Every structure is written in C-alpha cells, then in structure tokens.
Amino acid sequence: MPKAIPIVSQFHNLPVGEPVDQLGTVKAEIADLETREKSLRAELLKRCVIEAEGAQYAAAVTQAVRWTLDTKAVRSEMGDTWFDRRCRQSLVTTVTVAARAVSPKLAA
C-alpha cells in the first residue's frame, strides 16, 4: 500500500515573519474593502433602492425582525445554575495582528 504524502502548505518555506506580514497586509486590505462596502451600502439605502441591477450584479434591500436574547436578564431571572446548564461552550482560537512601530533605522 502506498504511503500518504504529507500535504505541504504554500507558505511552508517562508520565514515565520513573512506570513505574519502577509496576514497584516491582507487584514488592512479587507478593512479598506469593508469601508468601501459600507459606503456603497449606505448609498443604496440613501437612494431608497429596493431592487437594482448592474452589469454584473443585482441587489435587493430587505428588512426583517431580529430576535436577540438578553443573556444578562435571563441569567438574573433564572439563576446561574439554570443558565449554565443550557449553555454550550466551544474553544475559539484568535490570531491578532498589529502593525509594528517603524524603527528610525528602517524608515531611512
């Protein structure tokens, strides 16, 4: 039986700092795109668009009621034990990326 070949990441041969820098750049680009998205969305709402079509995409504006649970009030009214027995927990992994301060030597 043939042996499995390990899957190698496209970044496996980069120094660890390179994916960090690339991730920071991508996150900055996404932030810029999200700002642009919010502006375009606001423009459609300002124009009171319900449905519209462009050359490549169609847009529809709808409204719906969203129900949210006031967990603080439920915990207060039902008690911590009751609340905790009905909650699910899951492990979340977070990767935080922040721009480094540029040293005077690097800036020159």
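The values are calculated or read from the model by the stated rules, or taken from the named source; none is laboratory data. All values reported here derive from a predicted model rather than from experimental measurement. Glycine also receives a Cβ, built like all others from the backbone with ideal geometry; neighbour counts cover every protein chain displayed.
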Report task. Any residue in segment 34-48 that's in contact (Cβ under 8 Å) with a residue 24 or more places away in the chain and within 16 Å of Ala58 (Cβ to Cβ): show its pairings with residues that are hydrophobic (A, V, I, L, M, F, W, C) and assigned to a helix (DSSP H, G or I) at Cβ separation under 6 Å, as long as the two are six or more apart or on different chains. Result -> none
Requested in this report: Specify the residue that is nearest to Arg86 (Cα to Cα); the eligible residues are those in segment 35-56 that are of a type outside the set (Lys, Arg) and part of a loop (DSSP other than H, G, I, E, B).
Outcome: Ile50
Requested in this report: Specify the residue that is surrounded by the most Cβ atoms within 10 Å (Cβ to Cβ); the eligible residues are those in segment 1-34 that are among the aliphatic types (A, V, I, L, M) and in a loop (DSSP other than H, G, I, E, B).
Outcome: Leu14
Requested in this report: Using the structure shown, decide if Thr81 is of a type in the set (Ser, Thr, Tyr), modelled with pLDDT of 95 or more and over 27 Å from the mean Cα position of the chain (by Cα).
Outcome: yes
Report task. Go through segment 15-33 and give me each residue that's under 14 Å from the mean Cα position of the chain (by Cα) and either touching a residue at least 40 places away in the same chain (Cβ under 8 Å) or more than 30 Å from Gln63 (Cα to Cα) (or both). Result -> Leu23, Gly24, Val26, Lys27, Ala28
Query raised in the report: Which one of Arg47, Arg88, Arg36, Arg75 is modelled with pLDDT of 90 or more, in contact with a helix residue (DSSP H, G or I) (Cβ under 6 Å, 6 or more places away or on another chain) and not aromatic (Phe, Trp, Tyr)?
Result: Arg75
Query raised in the report: Quick one: how many residues across segment 57-106 are surrounded by 10 or more Cβ atoms within 10 Å (Cβ to Cβ), of a type in the set (A, V, I, L, M, F, W, C) and assigned to a helix (DSSP H, G or I)?
Result: 4
